[in-house]
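Have a look at the structure below, then the notes.
The values are calculated or read from the model by the stated rules, or taken from the named source; none is laboratory data. As the structure is a prediction and not an experimental result, all values here were calculated from the model. In this analysis, Cβ positions are derived from the backbone assuming ideal geometry, glycine residues included, and neighbour counts consider all displayed protein chains. We work out accessible area using only protein heavy atoms, side chains counted, and drop any ligands, DNA or RNA first. Shrake-Rupley method; radii C 1.70, N 1.55, O 1.52, S 1.80 Å.
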Amino acid sequence: ATPLVVEVGGKLQAVVPASHATRCYDTATGALVWEAAGLTSNVIPSPVTGHGLVYVMSGYQGNSIQAIKLTAQGDVTEKDAIVWSTRKSAPYVASPVLSGERLYMSKGTDAYLSCLNARTGEVYYQDQTLEGLRGLYASPVAANGHVYIAGRNGTVVVIKDATKYEVVATNQLDDPIDASPVVVGRELYLRGHDYLYCIAEG
């Protein structure tokens, strides 16, 4: 997993999810700020942050999702600094995306999507089948009221950025996609195995 550097109380801290635990370090001194056990092994998804929390997750040989207070101190395993957690439907490769109070994530490397309330962990929907996708490595992205999910077979499913699952469009490229989509201004970039695509209006 790529560490997440975030400012907490005027200081930069690096949140580092890894096999079986997450640790947070002071970037200036290297001192350990907090740690929390509970992830599975072989952690790949990068953490995301919002609402005073950092969200870490892993989906290899099990499932674990944790929402941890950025102000945590010391060993917070089994403590209130972990605001909510679940052992269901975590991604193995793709990172989650946070949009407002909605936290979206895939399940394993399969074409299933879940949406949870980022503050409480309440499930809006879980393991929703992404019709047309076969396998999923790319992280979803949220932009302009939509969430874009690219599958390994080149299919991109566009859904409404909402608590109810609703497909807006399904588009197919004849090029496998493993890389996460990137939004720049009003353009969407997709990197396939053979080509780089720019999708825009007009």
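As an exercise, identify the GluC sites (Glu not before Pro) in the stretch 127-202 lying in DSSP coil whose Cβ has no more than 15 other Cβ atoms within 10 Å. Show your work: numbers first, answer last.
Working: sites: Glu131, Glu166, Glu187, Glu201; in loops: Glu131, Glu166, Glu201.
Sites meeting the loop and neighbour criteria: Glu131, Glu166, Glu201.
Using only the Cα atoms of the stretch 1-82, construct the convex hull and provide its projected area averaged over every direction, in square nanometres to one decimal.
Details: hull surface 19.1 nm².
Mean shadow area of the hull around the Cα atoms is 4.8 nm².
Net charge near Gly145, counting Lys/Arg +1 and Asp/Glu -1 over other residues with Cβ under 12 Å of its Cβ? Before the final figure, lay out each step's value.
On the way: positive: Arg102, Lys160; negative: Asp161, Glu166.
Value of the local net charge: 0.
Given the chain, report the % of alpha carbon pairs whose separation exceeds 24 Å.
Numbers: 8095 of 20301 pairs.
Cα-Cα pairs in the chain separated by more than 24 Å: 40 percent.
Mean separation of Cα pairs under 8 Å and 6+ residues apart, divided by the residue count of the stretch 1-99: what relative contact order is that in percent?
Details: 248 pairs, mean separation 22.7, N = 99.
Across the stretch 1-99, relative contact order equals 23 percent.
Rounded, prolate or oblate: which fits the stretch 125-186 when a ≥ b ≥ c are the square roots of the eigenvalues of the alpha-carbon gyration tensor, with rounded for a/c under 1.5 and prolate only if a/b beats b/c? Display every interim value, and only then the final one.
Details: a/c = 1.73, a/b = 1.15, b/c = 1.50.
Because a/c hits 1.5 or more and a/b fails to exceed b/c, the stretch 125-186 counts as oblate.
Work through the residues other than Val56 whose Cβ is under 13 Å from its Cβ and net out their charges, Lys, Arg +1 and Asp, Glu -1.
Values: positive: Arg23, Lys69; negative: Glu35.
Computed value for this residue: +1.
Could you give the accessible area per residue of the stretch 84-130, probe 1.4 Å, as a whole number in Å²? Write out the running numbers ahead of the final one.
Values: 1850 Å² over 47 residues.
So the stretch 84-130 comes to 39 Å² accessible per residue, rounded to a whole number.
Could you work out what % of the accessible surface of the stretch 103-202 is carbon and sulfur, using a 1.4 angstrom probe and leaving DNA, RNA and ligands out of the count?
Details: 2420 of 5180 Å².
In the stretch 103-202, the share of accessible area belonging to carbon and sulfur is 47 percent.
Starting from the residue with the highest accessible area, list Ser64, Ser180 in decreasing order, probe 1.4 Å. Let's see the in-between values first.
Working: Ser64 5, Ser180 50 Å².
Highest to lowest solvent-accessible surface, that is Ser180, Ser64.
Loop-only check: which trypsin sites (Lys or Arg not before Pro) in the stretch 1-108 are DSSP coil with at most 16 other Cβ within 10 angstrom? Numbers along the way, then the final one.
On the way: sites: Lys11, Arg23, Lys69, Lys79, Arg87, Lys88, Arg102, Lys107; in loops: Lys79, Arg87, Lys88.
Passing both the DSSP loop test and the Cβ count: Lys79, Arg87, Lys88.
Compute the signed sum of charges (Lys and Arg +1, Asp and Glu -1) over the other residues within less than 13 Å, Cβ to Cβ, of Gly121.
Working: positive: Arg87, Lys88, Arg102, Arg119; negative: Glu101, Glu122.
Summing Lys/Arg as +1 and Asp/Glu as -1 gives +2.
Please list, or write none, the lysines whose alpha carbon is within less than 20 Å of the alpha carbon of Lys107, excluding same-chain residues fewer than 8 places away.
Lys107 reaches Lys88, Lys160, Lys164.
Given a 1.4 Å probe and every protein chain left where it sits, what share in percent of the accessible area of the stretch 1-43 is carbon and sulfur? Display every interim value, and only then the final one.
Details: 1140 of 2100 Å².
Percent of accessible area from carbon and sulfur atoms in the stretch 1-43: 54.
Hey, what's the stretch 1-75 come to in accessible area per residue, 1.4 Å probe, Å²?
Working: 3240 Å² over 75 residues.
Here the per-residue accessible area is 43 Å².
Provide the solvent-accessible area of Ile44, counting protein heavy atoms only and rolling a 1.4 Å probe, rounded to the nearest 10 Å².
Roll a 1.4 Å probe over it and Ile44 shows about 60 Å².
For the chain, give the magnitude of the charge dipole about the Cα centre (Cβ charges: +1 Lys/Arg, -1 Asp/Glu; no others), in debye to the nearest 20.
Numbers: 15 positive and 19 negative charges, 61 e Å.
It comes to approximately 300 debye.
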